[in-house]
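To keep things clear, I will list the structure first and then write my remarks on it.
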Amino acid sequence: MNYEIVSLTEKTLVGVSARTNNSSPDMGQVIGGLWQRLYSPEIFSEIENRVNEKACGIYTDYTDAEKGDYTVAAMFEVDGIGKKGLPDGTEVRKIPAGKYAKFIVKGNQTTAVYDFWQKLWKMDLNRAFICDFEEYQNSDPENAEIHIYIGLKGE
């Protein structure tokens, strides 16, 4: 898989999160449920100060890099918390500044992303296992373009 190395500044995001595990039988339901909650009227329309309309899937708090639990979140990047504060049931997360491997994935947003992660686990990449994230460039589920950033260890 082709990628480029990029340096990113810190990003602030608002949305919803949950803990899951790659071997958990309900992992797909947990992640899918987060996206449903993010796009529910009581959350989606209440997130203020969005930088853009690109939704992000974030993976953090890895306890065992290849087999353990991690936190997954569905969020939007924001430029500060709005006057109304956080919508009920949401939280703030930070994507840390640093070096990332940037991959571009195109196709059906569910199967293309799933296939990407299956291949990534087999790659020899100097991963930091601190924060990885997906940034959805459009909202076409069949012809999606997703930029996936994998955190790398510093030099």
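Could you pull out the residue among Glu42, Glu48, Glu77 that is farther than 18 Å from Leu152 by Cα, in a strand (DSSP E or B) and acidic (Asp, Glu)? Break it down into steps so the answer makes sense when it comes.
Working: Glu42 fails: in a strand (DSSP E or B); Glu48 fails: in a strand (DSSP E or B).
Only one candidate qualifies: Glu77.
Looking at Ile146, Ile130, just one residue is surrounded by 13 or more Cβ atoms within 10 Å (Cβ to Cβ), at pLDDT below 95 and closer than 22 Å to Asp61 by Cβ, and that residue is Ile130.
Here Lys99 qualifies as basic (Lys, Arg) and assigned to a strand (DSSP E or B). You will find that of Thr63, Thr110, Thr71, the residue that is within 16 Å of the chain's Cα centre (by Cα) and farther than 23 Å from Tyr3 by Cα is Thr71 and no other. On the stretch given as region 1-38, residues that are surrounded by 13 or more Cβ atoms within 10 Å (Cβ to Cβ), out of contact with any Phe, Trp or Tyr (no Cβ under 8 Å at 6 or more places or on another chain) and in a strand (DSSP E or B) total 5.
In this structure, Pro41 does not qualify as crowded, with 16+ Cβ neighbours inside 10 Å and more than 13 Å from the chain's Cα centre (by Cα).
A quick yes/no check of all residues on (1) out of contact with any strand residue (DSSP E or B) (no Cβ under 8 Å at 6 or more places or on another chain); (2) under 25 Å from Gly28 (Cβ atoms); (3) without any contact (Cβ under 8 Å) to a residue 12 or more places away in the chain; (4) of a type outside the set (Asp, Glu):
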{"site": "Asn49", "(1), (2), (3), (4)": "no, no, no, yes"}
{"site": "Cys56", "(1), (2), (3), (4)": "no, yes, no, yes"}
{"site": "Thr63", "(1), (2), (3), (4)": "no, yes, yes, yes"}
{"site": "Leu86", "(1), (2), (3), (4)": "no, no, no, yes"}
{"site": "Ala112", "(1), (2), (3), (4)": "no, yes, no, yes"}
{"site": "Tyr136", "(1), (2), (3), (4)": "no, yes, no, yes"}
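When only residues in region 90-115 that are closer than 19 Å to Glu77 by Cβ and at pLDDT below 95 count, which is surrounded by the fewest Cβ atoms within 10 Å (Cβ to Cβ)? Residue satisfying both the conditions and the ranking: Val113.
Take the conditions (1) at pLDDT below 95; (2) of a type outside the set (S, T, N, Q); (3) not in a loop (DSSP other than H, G, I, E, B); Gly154 misses just one of them, which is (3).
The values are calculated or read from the model by the stated rules, or taken from the named source; none is laboratory data. Note that the structure is predicted; figures quoted are calculated from it, not measured. Reconstructed Cβ throughout: ideal geometry from the backbone, glycine too, with neighbour counts over all protein chains shown.
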